[in-house]
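If you scroll down you'll find the structure; I have some questions about it.
Quick note: the coordinates plus some simple rules give every number you see, no bench work behind them. In this text the structure is predicted, and so the values were computed from the model without any measurement. Note: ideal-geometry Cβ built from the backbone for every residue, glycine included; neighbour counts use all protein chains shown.
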Amino acid sequence: MADHPQRPGHERPLSPHLSIYRWQVTMLASITHRATGIALAVGTLVLAWWLVSVSNGPEGYESFMSVATTPIGLVTLFGFAWSLSFHMLNGIRHLAWDMGYGFNKVTATQTGSLVYVLSLVFAVGVFAFVWTGHAGYLQ
Amino acid sequence: MSSLQTPLRKVEGLGVSHSGTGHFWRQRITAVALVPLGLWFTYAILGLVGTNEVAILSFLAHPWNALLMAAFAATMLYHMSLGLQTVVDDYIHGTGMKIFCLLLIRFVMIATTVTCIFALIRIAAST
């Protein structure tokens, strides 16, 4: 009984974890969905901050804008734009799965790649829309 | 085969997990609602970028816009609490720490929802 697996203090074997698998689009999309969800949770706090700053009058709004328009602020906002695009597109992919569509191995891989491409196109598109002066139409 | 479940548990379809498909279903309902609400939010934010504070105030003071913004914030925060609960369920195993995290998520969710709606009421009242 030199190496009994049940012996107290003996390390029990672990099931294979992340590091052992070959990376695939489907698993990367699943991880990214969770990561963007957590990022957007922080985004809800920024939304609340924006609404409160607007309700506080001109000085309050200025204080929000002075932070939001810094380089770090703009990169963060781009992160939120991409996270929202990704989480919504991949969320629609998940809802399709829930209804039984797109579970085929090839289809799931293709829609996974499509979500990455489309989410980047949307996020870059939104910023390009602003930088080319098309935003602010609700004046 | 005999069952150890009480008739009430059988009827409710609940076992030792204390809950059924409610969490799963609420996450889907809020997800579906957030597709149109998220698209409206994108339309609103893009329309307000580069304008001034007066334009933002008058936009958010409009009843329909205030209602949609409140619906978007409340639905997103509820969806957020369901999603973060899943993350806690997956990665945090100690009972005490798990209860602490789940309570924190719910308190932050409710506090942020109330803050957003109160700010919208203040904006509507100020114009």
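For the pair A:A96/B:T21, report the inter-label distance in nm, with labels modelled 7 Å from Cα in the Cβ direction.
Result: 2.3 nm between the two label points.
Cut-off 10 angstrom, C-alpha nodes, Gaussian network model of chain A. Which of A:W23, A:W50, A:W97 fluctuates the most?
A:W23
Compute and list, largest first, the equivalent-ellipsoid semi-axes of the range A:23-131 from the alpha carbon gyration tensor, each √(5λ) rounded to a whole angstrom.
The three semi-axes for the range A:23-131 are 33, 14, 11 Å.
With a 10 Å cut-off between alpha carbons and a GNM built on chain A, which of A:H33, A:H94, A:H17 moves the most?
Comparing A:H33, A:H94, A:H17 in a Gaussian network model of chain A, the most mobile one is A:H17.
Just report the Cα centroid separation between the range A:21-70 and the range B:32-85, whole Å.
Centre-to-centre distance over Cα atoms comes out at 13 Å.
Next question. Report, please, the projected area of the range B:1-125 averaged over directions, based on the convex hull of its C-alpha atoms, in nm². Could you put the intermediate results ahead of the total?
On the way: hull surface 44.7 nm².
With every direction weighted equally, the projected area is 11.2 nm².
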